Amino acid sequence: MAARTLASAPRHIATAACIRAGHVARARCLVASATATSQQTSVISSVPAGLAELLQSGSKLTTAAKTAWTQFLRPGDTVVDATCGNGHDTLFLAQAVGPSGHVIAFDIQEAAISATRQRLEASLPPGRLPRLELHAACHSRLQELAGSGVARLVVFNLGYLPGADKSLITSTATTSAALEAALEVVEPGGLISILCYVGHPGGMEEYNAVRQICAELKPAYWATSETRLLNRPTAPVLVLLWRCSEPFFGRRS
Ligand SMILES: C[S@@+](CC[C@H](N)C(=O)[O-])C[C@H]1O[C@@H](n2cnc3c(N)ncnc32)[C@H](O)[C@@H]1O
């Protein structure tokens, strides 16, 4: 079994993924090496695609998030980046939805909005650019500015920009309001992806608020999950919320 074989690798990274959908709860624990040696590569090739990428990336959950986005997005989709920062994630999303797509991005910093525009315009020729809508605004205004049921994917990369002013950071109150708004903005069948950073002051409180909102969602309409590295307690946590395209059969709440 892949998990057993991976346990013999020299450096150990533990990854746990729990999927909670109403009364159905599943948890998996896999142990793997952070370094992809040839022996490990052959082991990794036998595990599911998304997990293999996670292991080969050195267990970066930013990579796991992008794998999930790629699996969800189709050319022409509308996508929201709720914290665009320097535009790295926005560019990735723009490439995924292509020129027929629509990218809506938010950041409270004017400089971040400019950096995002510049990155996209420098990286993609005009014919490859999706429709771009960049808002220098708090993401708590997401529904007001993006509309309801419009986005295939809404992504949040919480916290602050590395190397920038750490006081310009997401906060529990506005992140909670923005997530409540995102629940309305995402279309049926769509996904909300949140990377929560728990290692800085206020980060754990913000993450707990995200979890609380997830825990209260009706399981007939939402499936929620979190992925975290159990042996790196301050590493980011990836929270995914999938809005079901129709109520799960047989569930009443
Ligand atoms: C971790 S960085 C995002 C990194 C970005 N996704 C990238 O690829 O470069 C978090 C960003 O959230 C922004 N931010 C903080 N509070 C916000 C709010 N209330 N609404 C929108 N953006 C916010 C910060 O200005 C910062 O640029």
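Table for the structure above
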{"quantity": "Residue match in region 204-214 (condition: within 11 Å of the ligand (Cβ to nearest atom) and either over 19 Å from V80 (Cα atoms) or free of Cβ contacts under 8 Å to residues at least 24 places away in the same chain (or both))", "calculated": "yes"}
{"quantity": "Given (1) away from the ligand (no atom under 16 Å from the Cβ); (2) touching a residue at least 40 places away in the same chain (Cβ under 8 Å); (3) under 20 Å from A64 (Cα atoms), number of the condition C244 does not satisfy", "calculated": "(3)"}
{"quantity": "Failed item, numbered, when L6 is tested on (1) surrounded by fewer than 17 Cβ atoms within 10 Å (Cβ to Cβ); (2) at negative phi; (3) modelled with pLDDT under 50", "calculated": "(1)"}
{"quantity": "Residue in region 216-233 that is more than 16 Å from the ligand (Cβ to nearest atom), assigned by TED's automatic domain parsing to the domain that holds V155, of a type outside the set (D, E) and in contact with a His (Cβ under 9 Å, 6 or more places away or on another chain) present", "calculated": "yes"}
{"quantity": "Residue in region 159-182 that is surrounded by 21 or more Cβ atoms within 10 Å (Cβ to Cβ) and either away from the ligand (no atom under 14 Å from the Cβ) or part of a strand (DSSP E or B) (or both) present", "calculated": "no"}
{"quantity": "Residues of region 67-88 that turn out to be within 13 Å of the ligand (Cβ to nearest atom), touching a Leu at 6+ places or on another chain (Cβ under 9 Å) and not hydrophobic (A, V, I, L, M, F, W, C), as a count", "calculated": "5"}
{"quantity": "Total residues in region 73-92, condition more than 17 Å from A146 (Cβ to Cβ) and outside any loop (DSSP other than H, G, I, E, B)", "calculated": "3"}
{"quantity": "Scan of region 184-201 for residues that are out of contact with any Ser or Thr (no Cβ under 7 Å at 6 or more places or on another chain) and either without any contact (Cβ under 8 Å) to a residue 60 or more places away in the chain or within 11 Å of A151 (Cβ to Cβ) (or both), ordered by number", "calculated": "V186, E187, G190, L191, I192, I194, C196, Y197, H200, P201"}
{"quantity": "Residue that is nearest to S167 (Cα to Cα) [pool: residues in region 106-117 that are more than 9 Å from the ligand (Cβ to nearest atom) and either hydrophobic (A, V, I, L, M, F, W, C) or touching a residue at least 12 places away in the same chain (Cβ under 8 Å) (or both)]", "calculated": "E110"}
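The values are calculated or read from the model by the stated rules, or taken from the named source; none is laboratory data. Since we're looking at a predicted model, the values are computed, not measured. Cβ coordinates were reconstructed from backbone atoms using ideal geometry, including for glycine residues, and neighbour counts include every protein chain displayed.
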